[in-house]
Each structure stands twice: as structure tokens, then as C-alpha cells.
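The values are calculated or read from the model by the stated rules, or taken from the named source; none is laboratory data. Predicted, not measured: the structure shown is a model, and the values here were computed from it. All accessible areas refer to the heavy atoms of the entire protein, side chains included, with ligands and DNA or RNA removed. Shrake-Rupley method; radii C 1.70, N 1.55, O 1.52, S 1.80 Å.
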Amino acid sequence: MNFIAIIQARLSSSRFPGKVLKKIRNKTLLEILHDRLKQSKTLNKIIFSVPDNSENKKLHNFLKEKKYNFYRGSEKNVLDRYYKTAIKYNASYIARITSDCPLVDPHMIDKMFNIIKDAKADYISNGNPPTFPDGFDIEIFNIKSLKKAKIKSRTKHEKEHVTPYIIKSKDLKKINFKNKENLSNYNLTVNEPRDLINLNNIISHFKNLKFSSDQILKYI
């Protein structure tokens, strides 16, 4: 059973171009995310799925320099790029993570993976509906579901956002992972430059990157 994290990353964000390579305490957001995901006890591999174009050459060079695993594919059809990434790395289950969420909790990934595996479900998310802060976003699904989405998705929205078909499908077994308290009004993601200040304050508070989502929630 091969459980991999596939991280969507690009430099062409409309609100904050190049944000994934911005630094907090001498580490880029991608490095912070990668270092945190490495703490997972269930993930077998961490892959970056990035657009194959000249606008993202700096990102390609960075990933090569860091010796991170990555796959280059379509910029617009993210679902196609995502599916081909999963196939290349022979995934059984995939954790979908976005690169603007560097505070994703690896221990939450482990909990959610064990739930989807034990329940023999096709998809689990902590955001349908959301009860965790924006920035803790995790989706986990099996390769069967991703393949079905690849074949059945027709709209631009479905192809840009990877999982809409899976979420709306009535043929797949889905689970929502809930927080005890609804904290979805908190923002811990990076959408614009001022969000870096918030993340810097959180990361500076802890001595290393091994803090949990529970610790973050107590701090904020």
C-alpha cells in the first residue's frame, strides 16, 4: 500500500506571485511544508506536482536543488497533472496538499489515513464542511477515485480543482473529519503578503517545526 502526498505548487499566484518560495526564518514555505510532512508516520513519499512551463522554471530549479521529488504537467488541467503524478509514483492512496498551507499537521494526516483505511472508504476530508482553520486543509483519497475523476470530469472547475467530481459523486464512500469546535473562521494559509507575518509569529513561537495543530490552536 503506497501512500503519497502530492503537493500542488506554482509561482503564478494572481494575488501573491512567487509566494511558495518566500522565506520565514530562512526557510521557504515549500521547505517548511516538506519538513513538516516528513514527520508523518504513514506517508511513503512526498511529491510536488508543478506546471511544465517557463514561468515556473525557478520553481523547477529550486526543487532540483533541494532534491525533492516532483512531476511537471499541465498548468490549466491540474486534475490531469495530478493523476499523472499519482500514476508515475504508483500511488494507492493520495494526500492532497496545497503549497500555501505550510502548517498542515502530519499527525492529522496519519489519523485521517488510518480512518479511511479502516473504514475502507474512498475519500476523507477535514473541510466538507470545514471546522478547522483555513490552512489545515487535507484531502485523502484512493487511486480508484482519482482515476474515476480523471475519466468523468468535464468542466473547467472540475479539472482545475482535482476533487470536485469525487466530492459530488454518489457512488463513492466519503468521510468528513471534524474538529470539536468550529474554527473555520481562522486563516492560517498564505494568500497575500500580510499572511506571512501571521505564520512568522506562529513558527517563531515554537523552537522547531514539530508543533501540532493542537499546539497552534492553543497559541492563536
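Before moving on, here are some points about what is shown:
- Rg(Cα) / (2.2 N^0.38 Å) computed for region 39-161, rounded to two decimals: 1.07
- Whole-percent carbon and sulfur share, accessible surface of region 21-76, 1.4 Å: 39 percent
- Based on every Cα atom in region 118-193, Rg and the maximum pairwise Cα distance Dmax equal 13.8, 41 Å.
- To put it simply, the accessible area of region 181-220 at a 1.4 Å probe is 44 percent carbon and sulfur.
- Coordinate range along principal axes, alpha carbons of region 28-79, Å, largest first: 34, 24, 16
- Over the C-alpha trace of the chain, radius of gyration and Dmax come out as 16.5, 47 angstrom.
- Rounded to the nearest 500, the helix-only mean residue ellipticity at 222 nm of the chain stands at -11000 deg cm²/dmol, with each DSSP H run of n ≥ 4 adding -39,500 (n - 2.57).
- Net length available on complete extension from ASN128 to LYS178 is 17.1 nm, with 0.36 nm assigned per residue and the Cα-Cα distance removed.
- When both bridge partners sit in the chain, DSSP labels roughly 35% of those beta bridges antiparallel.
- Contact order normalised by residue count of region 17-85, Cα under 8 Å, 6+ apart, percent: 26 percent
- Residues of the chain: accessible area per residue with a 1.4 Å probe, Å²: 50 Å²
- Both the radius of gyration and Dmax for region 1-51 are 12.4, 38 Å, in that order, over alpha-carbon atoms.
- Each Cα pair under 8 Å and six or more residues apart adds its sequence gap; the mean of these over the residue count of the chain is a relative contact order of 24 percent.
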